[in-house]
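The values are calculated or read from the model by the stated rules, or taken from the named source; none is laboratory data. In this text, all values refer to a predicted model and were calculated from it rather than measured experimentally. As a convention, Cβ positions derive from the backbone with ideal geometry for all residues, glycine included, and neighbour counts pool all protein chains shown.
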Amino acid sequence: MIIQGHILTDPSRPPMPGWIRLQDRRIAELNEGPPPADAMPPTSGGPHTLITPAFIDAHMHFPQIDSVGCDGLPLLEWLQTVIFPAETWWGQGGAHAMMRTAAHRLTRQGTGGVAAYLTSHADINHSVLSRLAGETNLRFITGRVGMDRNAPDALTATDLERARRRPIPSPMLAQPDGVPTDDHRRRISLNPRFAVSCTDELLAEFGWAAKDNPNCFIQTHLSESIPECDFIRELFPDDPHYTGVYDRFGLLHERTILAHCVHLTRPEWELINERRAIIAHCPQANTFLESGLFDLDAARDHDIRLALGTDLAAGADVAMPRVARAMIETAKARRLCAVGGKHIPTPPEAWNMITRGNADLLDWPDAGRIEVGAAADLLLLRIPETWYDEHLVGRLIYNWDAELIEKRIFDGVEA
């Protein structure tokens with residue numbers, strides 16, 4: 001396949017007029033200028049097409065796809081009244097339809113890969129992931145959510161039942177049908193929901209599973225809201241801080257994704273840096289639930305490995321460019337409020353995070369980029385001619401709409 005257009009290989013530089021040849025689901029050639037006369041004529045794109053990498057989302061919840069917009073509640077109340085009922089419905093028969101909806105919305109907005117959460121159910125999640133892997137070309141890192149307290153019985157039942165069995169089965173979800181364990185595009189993660197919903201015993205089980213599976217990603221939440229942090233001090237009075245709870249159970253390492261991290265103390269920033277864990281910044285969700293404004297300055301000062309995520313459904317958008325815009329606006333809001341804002345991300349910085357940056361942190365070195373050998377995960381955009389100036393990437397971020405996409409190619413196949 002030959003694709004022609006303006007190729008955005010580096011968001012800090014103007015796109016290169018050229019063409020790409022795809023072969024075996026990868027980028028085989030990347031060339032400047034028009035295709036040579038003796039080459040196959042372009043099958044996609046054209047001289048007015050903008051070609052970009054597909055987006056990567058570092059934090060979202062598949063079962064919450066229909067829970068967007070339930071406003072006016074703080075985090076812990078929102079979970080109990082909105083999210084836990086939705087996740088219960090997922091386990092009672094809604095999972096396959098909801099997953100199809102999630103996959104469609106992600107694909108429509110140009111997202112080719114996600115780090116995501118499921119529910120606590122085992123069998124239905126194995127089934128739904130097997131279908132996701134068989135029917136779409138989405139990349140994913142995802143897993144069953146672990147929880148055994150402070151939630152409805154329908155959501156704690158799986159882990160409470162596991163704890164009664166001997167020997168206790170692993171909390172990991174089985175690999176989807178038809179997906180080999182070495183498939184780097186589709187991987188199962190360990191997902192203790194957050195320490196509020198996990199007893200010491202369950203966190204220890206996740207720690208043992210992490211030790212037995214050192215290449216496995218761990219996904220959890222940390223310090224999203226002040227009432228949550230207060231509750232953690234009640235539940236874990238002997239730990240020095242919230243981050244220390246996860247560290248005590250061996251759940252902090254370079255493949256740990258910690259969502260939110262809005263209310264960290266200096267020792268917590270230092271510990272996260274020492275363990276080289278990843279923070280998934282979710283600016284839209286933090287604003288929606290009024291949890292707080294993420295301290296990007298502190299993250300930079302502590303050399304944190306920072307990713308960007310939608311956190312659907314607290315985040316209202318599955319569109320990663322809009323999340324990138326929210327990150328910029330959060331930093332500006334902190335500056336306006338005189339509580340930070342030393343560094344305001346530029347549009348090219350933000351664009352890099354939702355493509356190459358997120359992909360690298362999620363150990364997808366062949367994603368989020370346009371270069372020879374990379375996976376053919378591409379978006380073909382039709383944009384106004386007036387956008388082709390030094391503000392191109394900013395125009396994309398601030399004017400984003402799925403209607404800009406004229407073709408999506410994931411894993412070398414049109415989606």
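Some observations on this one:
- Scope the stretch 181-197; condition out of contact with any Lys or Arg (no Cβ under 7 Å at 6 or more places or on another chain) and in contact (Cβ under 8 Å) with a residue 12 or more places away in the chain; matching residues: His184, Arg187, Ile188, Ser189, Leu190, Pro192, Arg193, Phe194, Ala195, Val196
- The set of residues from the stretch 224-274 being small (Gly, Ala, Ser) and assigned to a loop (DSSP other than H, G, I, E, B) comprises Ser225, Gly250.
- Number of residues in the stretch 175-195 that are among the hydrophobic types (A, V, I, L, M, F, W, C), closer than 19 Å to Thr136 by Cα and in contact with a helix residue (DSSP H, G or I) (Cβ under 7 Å, 6 or more places away or on another chain) equals 1.
- Any hit, the stretch 243-250, residues being hydroxyl-bearing (Ser, Thr, Tyr) and over 24 Å from Asp148 (Cβ atoms): no
- Qualifying residue in the stretch 60-72 (condition: under 30 Å from Thr119 (Cα atoms) and free of Cβ contacts under 8 Å to residues at least 12 places away in the same chain): yes
- Within the stretch 350-389, the set of residues being farther than 24 Å from Arg25 by Cβ, touching a residue at least 60 places away in the same chain (Cβ under 8 Å) and of a type in the set (Asp, Glu) comprises just one member, Glu385.
- Matching option when the condition is modelled with pLDDT under 95, surrounded by fewer than 22 Cβ atoms within 10 Å (Cβ to Cβ) and assigned to a strand (DSSP E or B), among His6, His48: His48
- Residue in the stretch 90-121 that is nearest to Cys198 (Cα to Cα), counting only those that are small (Gly, Ala, Ser) and in a strand (DSSP E or B): Ala116
- Residues of the stretch 349-388 satisfying the condition of being surrounded by fewer than 17 Cβ atoms within 10 Å (Cβ to Cβ) and assigned to a helix (DSSP H, G or I): Glu385, Thr386, Trp387
Here is a yes/no grid of residues against (1) at pLDDT 95 or above; (2) surrounded by fewer than 17 Cβ atoms within 10 Å (Cβ to Cβ):
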| residue | (1), (2) |
| --- | --- |
| Pro36 | no, yes |
| Thr43 | no, yes |
| Ala54 | yes, no |
| Cys70 | yes, yes |
| Thr81 | yes, yes |
